[in-house]
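Reviewing the structure listed below.
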Amino acid sequence: MTMPVHRPSKIQVIHFSTGYKGGAGLAARRLNESLNASGFESYFGAISQKGYSPSSNEFEIPRNALGKIISVIGTRLQLILSDKVFFSLISINVLPKKIITLKGNKNNTILHFHNWFNLTNQKEIIRWAKRGYKVAVTMHDQRMMTGGCHYAFSCKRFYAKCESCPGLPKSLKNIPNLNLEKLKDRLNSITGKITFISPSNWLDNEAKHSNLLHNQNTVFIPNTLGILKDSHREFALRSLSDTLNIGIASMEPKSYIKGGDITSSVEKLIKEHQVPINFHHLRDFSQTNQGLQDFWSKIDYLLVISRADNSPNVIHEAKQRGVPIIASKVGGITELLDSHFDVGLELSDCTESSLLDVLKSLIGKELNSSLRKSMQSRYHAYSNSSVADHISLYENLFAESTD
């Protein structure tokens, strides 16, 4: 007979992220904020660094001088491995054990890891599960299922083995498979003890097909946006007869992954041919609430030409604000696009000339307010349960039943 579920009277979760900015850091902070607003005890910790001023229920993770030096060297070495995608073949652990043991015990604390590069590593995350802590890992890219790359593009070798990695120099091609085999043994020793969260259905599907995670606990829960101050602006029927205003939200203008080379070339063509299209880059706006609102209020479309992506926060933000998307149909982006409202492009069509033709076709096109509201309604159905689903997951991690 199954007995009633028993849970601690008070559960808390501690989120860990290498940084407080970027996709993973921002998603983790927003989740932490939303959990606390919902009455669930939650904390967020990131490595101490310039510019980070912890808000309520946030804290800094100290890193000594040696740790900083090793981290900088390691990061630079990883960056030169490939000019297309980030490879983290190794990751050092600088997360002090006492940070966790002083903030909570295994009887009521969930450790939720987000971006962990040079904060900790898979070996140490698994150790926390072996110590009896409930552990969750949100996968903001494909790193947890590969031997080193953060995005595999069209490569599916991680479904079986990462042998002879096509993305690395010849002398390093076998390291990813060694990493994969070691991690597989460690994960198999604690099967079911870690829950892997995918913010997109695409990534969840990739995890379920991967050699590393196919027999682990994997779930799909979208990222939460937290509280957006300007997300409920009313949009009147607008005509774009004069100038088309395009938003670029990537903070890395030269990123191959984010298609920085493509957007840069399109901007040059627009200037050369004097096409009435303006590009507005988020990085050029003040990174304050007012600055972000200014960015979103200026643009008619958000342009996201990624070559690989999971579930970009900026697309979620655009959806909540009712801003249409022009995006490449890759990874988790595809499931966020609304066929009635957005413009989805095959990656093969994301050339400079083809993209310019698409943008030209949108000059003067009406943005119907009823279509906008319908899109927002469909998006809310996709994302609105994020916080509740996280809380349900956390509570279920402590569920105990006996026969």
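The values are calculated or read from the model by the stated rules, or taken from the named source; none is laboratory data. As the structure is a computational prediction, the values presented were derived from the model and not from experiment. Because the Cβ atoms are built from the backbone with ideal geometry, glycine has one as well, and the counts that use them run over all protein chains shown.
Just to be sure, is L168 aliphatic (A, V, I, L, M), part of a loop (DSSP other than H, G, I, E, B) and within 28 Å of G22 (Cβ to Cβ)?
Taking the combined requirement at face value, the residue satisfies it.
Select from the stretch 176-196 the residues that are of a type in the set (S, T, N, Q) and outside any helix (DSSP H, G or I) and list them in ascending order.
Within the stretch 176-196, S189, T191, T195 meet the criteria.
Pairs please, first residue from the stretch 243-272 and at positive phi and surrounded by 17 or more Cβ atoms within 10 Å (Cβ to Cβ), second anywhere and modelled with pLDDT of 95 or more and among the hydroxyl-bearing types (S, T, Y), Cβ atoms under 9 Å, 6+ apart in sequence or on different chains.
Between residues of the stretch 243-272 that are at positive phi and surrounded by 17 or more Cβ atoms within 10 Å (Cβ to Cβ) and residues that are modelled with pLDDT of 95 or more and among the hydroxyl-bearing types (S, T, Y), the close pairs are G259/S306; G259/S328.
How do the pairs read when you match residues in the stretch 353-370 that are surrounded by fewer than 14 Cβ atoms within 10 Å (Cβ to Cβ) with residues anywhere that are part of a loop (DSSP other than H, G, I, E, B), using Cβ under 7 Å and keeping only pairs 6 or more apart or on different chains?
G364/S239; G364/L240; G364/S241; E366/L237; E366/S239
Return the only residue of H380, H390, H316 being farther than 26 Å from A152 by Cα and surrounded by 22 or more Cβ atoms within 10 Å (Cβ to Cβ).
Values: H380 fails: surrounded by 22 or more Cβ atoms within 10 Å (Cβ to Cβ); H316 fails: farther than 26 Å from A152 by Cα.
The match here is H390.
In the stretch 197-211, how many residues are surrounded by fewer than 22 Cβ atoms within 10 Å (Cβ to Cβ), within 18 Å of the chain's Cα centre (by Cα) and either in a loop (DSSP other than H, G, I, E, B) or of a type outside the set (D, E, K, R) (or both)?
3
Being more than 10 Å from N211 (Cβ to Cβ) and not in a loop (DSSP other than H, G, I, E, B), is that true of even one residue in the stretch 146-153? Give the steps one after another, and end with the answer.
As a first pass, look at the stretch 146-153 and keep what is more than 10 Å from N211 (Cβ to Cβ): 148-153.
Restricting the remaining residues to those that are not in a loop (DSSP other than H, G, I, E, B) gives 149.
Yes, the stretch 146-153 has at least one match.
Taking the residues in the stretch 105-145 that are without any contact (Cβ under 8 Å) to a residue 60 or more places away in the chain and part of a helix (DSSP H, G or I) as candidates, determine which candidate is farthest from Y20 (Cα to Cα).
Looking only at the stretch 105-145, we keep the residues that are without any contact (Cβ under 8 Å) to a residue 60 or more places away in the chain, and these are 105-106, 121, 124, 127-128, 131-133, 143.
In the following step, the residues that additionally are part of a helix (DSSP H, G or I) were identified as 124, 127-128, 143.
Numbers: E124: 21, R127: 24, W128: 22, R143: 19 Å.
Looking at residues that are without any contact (Cβ under 8 Å) to a residue 60 or more places away in the chain and part of a helix (DSSP H, G or I), I get R127.
Would you confirm whether any residue within the stretch 102-113 is at pLDDT 90 or above, within 22 Å of the chain's Cα centre (by Cα), surrounded by 14 or more Cβ atoms within 10 Å (Cβ to Cβ) and of a type outside the set (A, V, I, L, M, F, W, C)?
yes
Output the qualifying pairs, or none if there are none: Cβ atoms under 6 angstrom, residues six or more apart or on different chains, first residue in the stretch 89-104 and more than 25 Å from A152 (Cβ to Cβ), second residue at pLDDT below 90 and assigned to a helix (DSSP H, G or I).
V94/G67
Please name all residue pairs, on different chains or six or more residues apart, with Cβ atoms under 7 Å, provided the first residue is in the stretch 215-228 and is outside any loop (DSSP other than H, G, I, E, B) and the second residue is at pLDDT below 95.
N217/G192
State yes or no: is L292 modelled with pLDDT of 95 or more and either out of contact with any Asp or Glu (no Cβ under 7 Å at 6 or more places or on another chain) or under 30 Å from G167 (Cβ atoms) (or both)?
Working: modelled with pLDDT of 95 or more: no; either out of contact with any Asp or Glu (no Cβ under 7 Å at 6 or more places or on another chain) or under 30 Å from G167 (Cβ atoms) (or both): yes.
It is false that L292 is modelled with pLDDT of 95 or more and either out of contact with any Asp or Glu (no Cβ under 7 Å at 6 or more places or on another chain) or under 30 Å from G167 (Cβ atoms) (or both).
Which is within 23 Å of R29 (Cβ to Cβ) and β-branched (V, I, T), of I299, I363, I333?
Exactly one residue qualifies, and that residue is I333.
Within the bounds of the stretch 18-39, is there any residue that is surrounded by 15 or more Cβ atoms within 10 Å (Cβ to Cβ), more than 20 Å from the chain's Cα centre (by Cα), part of a loop (DSSP other than H, G, I, E, B) and at pLDDT below 95? Before the answer, list the steps.
Just the residues of the stretch 18-39 that are surrounded by 15 or more Cβ atoms within 10 Å (Cβ to Cβ), to begin with: 18-36.
From what's left, more than 20 Å from the chain's Cα centre (by Cα): 36.
Retained after the next criterion (residues that are part of a loop (DSSP other than H, G, I, E, B)): none.
Scanning the stretch 18-39, I find no residue that is surrounded by 15 or more Cβ atoms within 10 Å (Cβ to Cβ), more than 20 Å from the chain's Cα centre (by Cα), part of a loop (DSSP other than H, G, I, E, B) and at pLDDT below 95, so the answer is no.
Of the conditions (1) surrounded by fewer than 18 Cβ atoms within 10 Å (Cβ to Cβ); (2) touching a helix residue (DSSP H, G or I) at 6+ places or on another chain (Cβ under 8 Å), M145 satisfies every one except a single condition; which number is it?
(1)
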